[in-house]
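The values are calculated or read from the model by the stated rules, or taken from the named source; none is laboratory data. Remember, it's a predicted structure, so these values are computed and weren't measured experimentally. Positions of Cβ are backbone-derived with ideal geometry, glycine not excepted, and every protein chain shown enters the neighbour counts. Note: areas computed on protein heavy atoms with side chains; ligands, DNA, RNA excluded. Shrake-Rupley method; radii C 1.70, N 1.55, O 1.52, S 1.80 Å.
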Amino acid sequence: MAKTQTGNSTVLIVGGSSGMGLALARRCLDAGARVVIAGRNADKLAAAQDRLQRPTQLQAIAVDISREDQVARLFEQVGPVDHIVSTAADIAGAYQLLPSLDLQAAQRVVESKLYGPLLLAKYGAPKLSATGSITFVSGIAAYRPAARGSVVAAVNAALEGLVRALAVELAPIRVNAVSPGWVDTPIWRFVAGDRKDDTLSAMAERLPVGRTGQPDDIAHAIGFLMDNTFTTGTILHVEGGHRLI
């Protein structure tokens, strides 16, 4: 990430221990920002700290964003922030055909991708400056749903509605979302299992750009939304042309 206003800021990244969130943390650290990565798994957070190797710039906090008391405590620990980002998603067990769908798995998706962002906005907005931003991650499933993906499609669409409403309610704080296409992240083990590589390769052949995404593609897009002070209530599609096929 180039030296922009991000370099003088504090960035909270929920889901920052892996995938898109980890890529964003690295970009923000390279720009000179103070970064707080947060997530439920303390071991994964510690491993991410070791990989990023920025002890003076980087803090890690274990939190379950579906728990209101933990989100409130998170912002007490973090203090004032300039940007809040959540890439978190718990989709374990949710990619099932309806006869096999477990309601608790569906509820975990809603908690991590809808209630969690709602709580981050509730407790984070008072900590943000007027030029601050909140960025969430939805996904292509809201536009190109597939069999077994009904829950994820519904929650992504709901999150995008939340983004538009929060952009109005929290103004002048900016609220946006990135909607990724198929990106090679650890979450694919829940979607395709041991067929991950074949599944992604088949999609790469169909996409206009000729490849599937990488975490840094999404991190770059989130960085744009953080830095561009004339963008709010927007869903930024970063999906290699997936909506065209």
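Structure values in brief
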| item | result |
| --- | --- |
| C-alpha long axis of helix 215-227 to longest principal axis of the chain, angle in ° | 40 degrees |
| Estimated dipole of region 90-210 in Debye, rounded to 20 [Cβ of Lys and Arg +1, of Asp and Glu -1, Cα centre] | 260 debye |
| Per-residue SASA entry for residue 245, accessible area with 1.4 Å probe, Å² rounded to 10 | 60 Å² |
| Heavy-atom accessible area ranking, 1.4 Å probe, most first, across 198, 102 | 198, 102 |
| Accessible-area ranking of 237, 242, 220, largest first, probe 1.4 Å | 220, 237, 242 |
| Å² of accessible area per residue within the chain, as computed with a 1.4 Å probe and no ligands counted | 46 Å² |
| Selection from 136, 6, 245, by position along the positive dipole direction of the chain (Cβ) | 6 |
| In the chain, lysine pairs closer than 22 Å at Cα, eight or more apart or cross-chain | 4 |
| For the chain: rounded, prolate or oblate by the Cα gyration tensor [a/c cutoff 1.5] | rounded |
| Residue 185 accessible area, assembled protein chains, probe 1.4 Å, Å² | 10 Å² |
| Helix-only CD estimate at 222 nm, as mean residue ellipticity for the chain, using -39500 (n - 2.57) per DSSP H run (n ≥ 4) | -12000 deg cm²/dmol |
| Under Karplus coefficients 6.51, -1.76 and 1.60, residue-wise ³J(HN,Hα) of region 98-106 in Hz, glycine/proline x | 3, x, 9, 6, 8, 4, 5, 5, 4 |
| Accessible-area composition of the chain, carbon plus sulfur, in percent [1.4 Å probe] | 52 percent |
